[in-house]
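The values are calculated or read from the model by the stated rules, or taken from the named source; none is laboratory data. Worth saying up front: this structure is predicted, and the values here are computed from it rather than measured. For neighbour counting, all protein chains shown are included, and Cβ atoms are generated from backbone atoms with ideal geometry for every residue, glycine included.
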Amino acid sequence: MRFNLIVILFLFISNMGIAQPSINELPTDQYEQIRIKGVLFVDIKNTYGNILEMEKLLGKAEVSVSGKEIGEETREFKYENGLQISFGDFDLKNDKPELFYLKTNNIFIKNVNLSIGNSIEKLGKDIIFNKDKDGSFSIMFTHMNGDCCPMIIEFDQQTKKIISIEYFVWT
């Protein structure tokens, strides 16, 4: 019985390891140099969704607010150039709103400027690929080992061309 329990525990732990994403960890200096449309990603996060601060950084946006009536306000900023940014948790008393989603067609990461349609080969050879549940691959970047909040680059598996650049907070 004890042997069976050890085997089951081993299989459970092994399976958990397989489910973990493969992530490219960026040191602080590289993480702080990520740019979205030429603007530091950290600066975007530090606006905490303030409409005037976002306008100073990225210009005018279509801003929609939802969830206010249930105390879970979310602000979504949509720009003409395809950039989408969402902040949430505006009504928390002791916390500032958090950037929880971003979709862009251009990013500066690892000292490389990437756009939708570019080849992932611009990132070089030392990139770790994450195997998605459907068997396809993506590239994930986080600050150090912060796997809660990846920058995800999806690409066409045959052509290696970038098809999506997104950031989101896993909850």
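Which residue out of Glu55, Glu72 is in a loop (DSSP other than H, G, I, E, B), farther than 25 Å from Phe155 by Cα and of a type in the set (Asp, Glu)? Only one candidate qualifies: Glu72. Going through Gly135, Gly117 one at a time, which residue ends up being among the small types (Gly, Ala, Ser), surrounded by fewer than 16 Cβ atoms within 10 Å (Cβ to Cβ), over 20 Å from Glu25 (Cα atoms) and at pLDDT below 95? Exactly one residue qualifies, and that residue is Gly135.
Does Lys56 satisfy the criteria of being at pLDDT 95 or above, loosely packed, with under 14 Cβ neighbours inside 10 Å, more than 21 Å from the chain's Cα centre (by Cα) and over 17 Å from Val169 (Cα atoms)? The answer is yes for Lys56.
Rundown of residues vs (1) more than 19 Å from the chain's Cα centre (by Cα); (2) not aliphatic (A, V, I, L, M), yes/no style:
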site: Glu62; (1), (2): yes, yes
site: Val65; (1), (2): yes, no
site: Glu72; (1), (2): yes, yes
site: Leu83; (1), (2): no, no
site: Pro97; (1), (2): no, yes
site: Asn105; (1), (2): no, yes
site: Val112; (1), (2): no, no
site: Ser115; (1), (2): no, yes
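Scanning segment 15-38 for residues that are of a type in the set (Val, Ile, Thr), modelled with pLDDT of 95 or more and either more than 15 Å from Leu99 (Cα to Cα) or part of a loop (DSSP other than H, G, I, E, B) (or both) yields a single hit, Ile34. Residues of segment 116-129 that are out of contact with any Lys or Arg (no Cβ under 9 Å at 6 or more places or on another chain) and either under 11 Å from Ile153 (Cβ atoms) or among the aromatic types (Phe, Trp, Tyr) (or both): Lys122, Phe129.
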